[in-house]
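Beneath this line is the structure, given in structure tokens, with notes to follow.
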Amino acid sequence: MSTTTVSHLDKVKDGPWSGGKSPWNLEYGKIMMWFFLISDAFTFSAFLIYYGAQKFAQPTWIDADKIFQSVPGIADSGQPLVFVGIMTFILIMSSVTMVLAVEAGHRNSKQEVVKWMLWTILGGLCFIGCQAIEWSHLHHQGFWFGRNPATGLTDPDAIAAALQPYFTKEISYTAALQFSNLFFTITGFHGFHVSIGILLNIIVLFMTLNNTFERRGTYLMIEKVGLYWHFVDLVWVFVFTFFYLI
Amino acid sequence: MAHHDHIAAHDAHEHGEGMDKKRIWSVFFVLLALTALEFLIALGFVHHWGILQKGALVNTIYIALTLLKAYYIVAFFMHLKFEKSSFIVICSIVFIFIVYFIALLLIEGGYLLHHFNEHPLYPNK
């Protein structure tokens, strides 16, 4: 007992009189991670549902094909979906490397866990980098929290000219503003989750290098962080559909 | 302590059965294929060839493909398919509230579109 590193919390939950037997054969921390992710899913759902409600309440909306059509370093316009496709691929790929790290953990193969965790962290960093490029591109065009390209203009013709490139149907200042606010809020909240995920991945990578899990005899912590990382990927699947496809 | 190890070991054992390397890559190719299909519809059928129009039909296809992708991520990458059935029910049944919330807010949004703008006392201009 003295040679193993188990947190105090885990020890408390050991006895049969303090819930020592798990009805689901799952470790306590893993169940709590699931419950946290469910509550987080509610938060993201609320954001995305509000986006839908706004879209339903406006007679017109920004055309995703027109606002997202640049590929940084390759084309400034005319390429809808290409850049976000690359981002989606990076995130799915990093989810795969994460699940490979979990699988390596089951075989107690430290070398492989380290290798796959490094790939996962790299994927996360690439995604955040793409997100930053996307944000700065939109910011450059005049979109930001509480702002759209026509903010500050008073002449109706100038407002129409500033917003025309982003609409297919009729132009609406309010719709452009709502789109701008919700885009930066939701992708920002998602990007924040990715950043936290990268941080957690780096922490468990160092714990692996430090032989912490080897001493514990289980790589369960990789699984718990992995659940979080897959959840981030899951949220992106929905953000991608509702912002970029529909 | 021994009991904790037992749970952890059992846990690892069960999951080891669920996902091996071959299975992981096959799930990856399913996700890749579904995403590629979305791109084919969006860039090919809608944008390039103009066979389909943006609208309810295409959006329904996108949402169906998205839910399918979500199923594969949750069931296989997050291992939920291999947990005990009572845990699966507990984690998924609460999303009834989300379905309800979607219906609620989209109906409300549609109502505002038709009634907010036409209100004679509070012109929304």
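The values are calculated or read from the model by the stated rules, or taken from the named source; none is laboratory data. Note that this is a predicted model, so its numbers are computed, not measured. Virtual Cβ from ideal backbone geometry, glycine too; neighbours counted across all protein chains shown.
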Residue in segment A:101-116 that is free of Cβ contacts under 8 Å to residues at least 60 places away in the same chain and in a loop (DSSP other than H, G, I, E, B) present: yes
Identity of the residue in segment B:15-49, within 7 Å of another protein chain (Cβ to nearest Cβ) and more than 14 Å from B:F77 (Cβ to Cβ), that ends up modelled with the lowest pLDDT: B:G16
Every pair of residues 6+ apart whose Cβ atoms lie under 8 Å, when the first sits in segment A:39-55 and is at the interface with chain B (Cβ under 7 Å from one of its Cβ atoms) and under 15 Å from B:Y100 (Cβ atoms) while the second is charged (D, E, K, R) and surrounded by fewer than 16 Cβ atoms within 10 Å (Cβ to Cβ): A:A53/B:E108
Odd one out for A:V82 among (1) within 23 Å of the chain's Cα centre (by Cα); (2) more than 10 Å from every other protein chain (Cβ to nearest Cβ); (3) farther than 18 Å from B:T66 by Cβ: (2)
Matching residues in segment A:147-204 - criterion: being in contact with a Lys or Arg (Cβ under 8 Å, 6 or more places away or on another chain) and of a type in the set (V, I, T): A:T168
Meets criteria (away from chain B (no Cβ under 11 Å), buried (at least 21 other Cβ atoms within 10 Å of the Cβ) and part of a helix (DSSP H, G or I)) for A:G123: yes
Single residue of segment A:70-103 satisfying the filter (among the small types (G, A, S) and at pLDDT 95 or above) that is farthest from B:H48 (Cα to Cα): A:A101
Out of B:F76, B:F116, B:F101, sole residue that is under 20 Å from A:S94 (Cα atoms) and among the aromatic types (F, W, Y): B:F76
Matching residues in segment A:63-91 - criterion: being outside any helix (DSSP H, G or I) and among the small types (G, A, S): A:S70, A:G73, A:A75, A:S77, A:G78
Selection count, segment A:7-38, where residues are over 20 Å from B:F77 (Cβ atoms) and either assigned to a loop (DSSP other than H, G, I, E, B) or at pLDDT 70 or above (or both): 10
Selected residue (criterion: nearest to B:M78 (Cα to Cα)) from residues of segment A:85-118 that are more than 21 Å from the chain's Cα centre (by Cα) and at the interface with another protein chain (Cβ under 7 Å from one of its Cβ atoms): A:E103
Hey, A:F179 among the hydrophobic types (A, V, I, L, M, F, W, C) and more than 30 Å from B:L57 (Cα to Cα) or not: no
Condition check for A:W236: touching a His at 6+ places or on another chain (Cβ under 8 Å) and more than 8 Å from chain B (Cβ to nearest Cβ): yes
Enumeration of residues in segment B:62-81 that are in contact (Cβ under 8 Å) with a residue 12 or more places away in the chain and surrounded by fewer than 16 Cβ atoms within 10 Å (Cβ to Cβ): B:L68, B:K81
Residues satisfying the stated conditions in segment A:43-62, i.e. outside any helix (DSSP H, G or I) and surrounded by fewer than 16 Cβ atoms within 10 Å (Cβ to Cβ): A:P59, A:T60
